[in-house]
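For reference, the structure is listed below as structure tokens.
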Amino acid sequence: MSHLLVTPPSHLYKSPQRGIALLITLVILALLAVFMTEFSFETKLETRGIQNYQASFKARNAVKSMFKAVLEGLKGQNEVKFFRVYLQGLQYNFSEFSGKDCTLLNPCKPVKLIAGVIADFPDVIFYTPYIRPIDHLFNLNRIRKNNPGTPEDLDLHNQFVNILKNMKSVSGQVSLGISSIDRIYAALFDWTDGDQEPYEMIGIEHYQDLQTEYEIKNQKLDKLSEILLIDGIAESGIPLDNSQSGPGNWKKYFTVFPVENRAEGFEQPRINVNLATENEIVDFLMQFEDQADSSSSQTFIAKAIEIGSTLKLITSGEKGKTYYSNSEIQKSLDSSPATSDLPVVAKQFFIPYSNWYEINLKTEIENVQAEV
């Protein structure tokens with residue numbers, strides 16, 4: 001039997017090389033698609049990054065210019081005119097400030113203005129400036145300077161208690177008890193002093209066994225917001241600033257800057273009567289109530305309400321007088337029947353001009369903010 005070899009047509013063959021080539025082509029196309037997508041995404045990110053940098057540069061330049069203008073205003077203008085006319089007039093022109101407890105010593109938080117309010121910066125959004133004198137604030141870093149139990153320490157503790165006992169939490173809870181305030185004072189002392197030993201006087205029974213998740217700093221406070229790390233302060237519910245409603249906040253009464261004027265021999269803060277309201281003068285004096293200092297000061301403080309009424313200057317719509325010296329302040333008290341019999345100690349509590357200011361300025365462009 002013979003066999004005949006039959007060869008099939010060549011078009012019926014499936015070349016394995018052609019299949020591999022097609023697969024490689026598809027893989028390359030897929031990689032190119034991924035690459036182009038990634039390249040497009042990275043290009044958009046890079047473009048957006050450049051835009052953000054440009055916006056940040058413009059915003060920083062604008063806020064620097066604003067800062068220079070503020071410094072020039074404070075240096076070149078009469079302080080009373082700068083605050084009473086310019087800043088207070090600015091507050092009265094914005095409905096966001098109406099009904100709020102905002103004063104020259106306790107201004108409202110900055111409010112965003114519309115773009116283009118300043119012709120030289122048409123694309124920049126400015127915020128209302130936050131500028132206030134702070135000579136009257138309690139410097140928390142003073143606590144660390146006194147030895148526990150000394151008269152200076154006890155007076156400072158008394159002032160601290162007088163401030164906090166009238167403050168309430170955001171939720172409207174009752175004021176802090178003395179034991180809670182003692183604990184906070186002890187914690188502040190231990191946080192800011194230079195050693196590992198706890199505060200040995202008031203509040204030690206509440207604080208000496210405290211275990212924290214972080215190391216006690218044992219150095220002075222650099223920012224006021226740092227106090228939220230300290231035991232008892234965040235738990236108190238008292239807000240840090242006036243962004244939340246409430247009868248008081250830490251920023252209203254406290255600072256970390258050395259506002260006391262040692263050059264004139266004053267270790268305690270003093271309030272600017274040219275910029276303070278009547279209530280602010282009274283509240284400030286009441287901080288020193290029941291201190292173990294001279295009886296003359298306590299006699300003076302006992303008439304805080306009469307003093308505030310005599311020295312009040314700021315009334316909406318009225319042009320008040322200006323005190324140009326400590327002697328003028330004392331003369332005003334001596335001339336009033338309600339305060340004429342008081343000891344001559346006004347310069348221990350009052351000043352006609354400020355030495356320290358807190359300035360916070362903010363600008364924005366294309367959702368990028370700059371702040372100083």
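The values are calculated or read from the model by the stated rules, or taken from the named source; none is laboratory data. Note that the structure is predicted; figures quoted are calculated from it, not measured. All Cβ positions, even for glycine, are placed from backbone atoms using ideal geometry, and neighbour counts span all protein chains on display.
Of note:
For every residue, the table says whether it meets (1) at pLDDT below 90; (2) of a type outside the set (Val, Ile, Thr).
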residue	(1), (2)
Glu278	no, yes
Val282	no, no
Met286	no, yes
Ser297	yes, yes
Ala304	no, yes
Lys312	yes, yes
Gly320	yes, yes
Asn326	no, yes
Leu333	no, yes
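- Test: residue in the stretch 353-361 that is surrounded by 12 or more Cβ atoms within 10 Å (Cβ to Cβ), touching a Pro at 6+ places or on another chain (Cβ under 6 Å), assigned to a strand (DSSP E or B) and at pLDDT below 90: no
- The selection criterion, being modelled with pLDDT under 80 and either in contact with a Leu (Cβ under 8 Å, 6 or more places away or on another chain) or not assigned by TED's automatic domain parsing to the domain that holds Tyr323 (or both), does not hold for Asn106.
- Meets criteria (surrounded by 18 or more Cβ atoms within 10 Å (Cβ to Cβ), at pLDDT below 80, in contact with a Ser or Thr (Cβ under 9 Å, 6 or more places away or on another chain) and within 18 Å of Glu371 (Cα to Cα)) for Ala62: yes
- Condition met for Pro148 (touching a Lys or Arg at 6+ places or on another chain (Cβ under 7 Å), assigned to a loop (DSSP other than H, G, I, E, B) and touching a residue at least 24 places away in the same chain (Cβ under 8 Å)): no
- Complete set of residues in the stretch 111-145 that are in a helix (DSSP H, G or I) and touching a Pro at 6+ places or on another chain (Cβ under 9 Å): Asn141, Arg142
- Residues in the stretch 68-101 that are modelled with pLDDT under 80, part of a loop (DSSP other than H, G, I, E, B) and on the phi < 0 side of the Ramachandran plot: Asn93, Phe94, Ser98, Lys100, Asp101.
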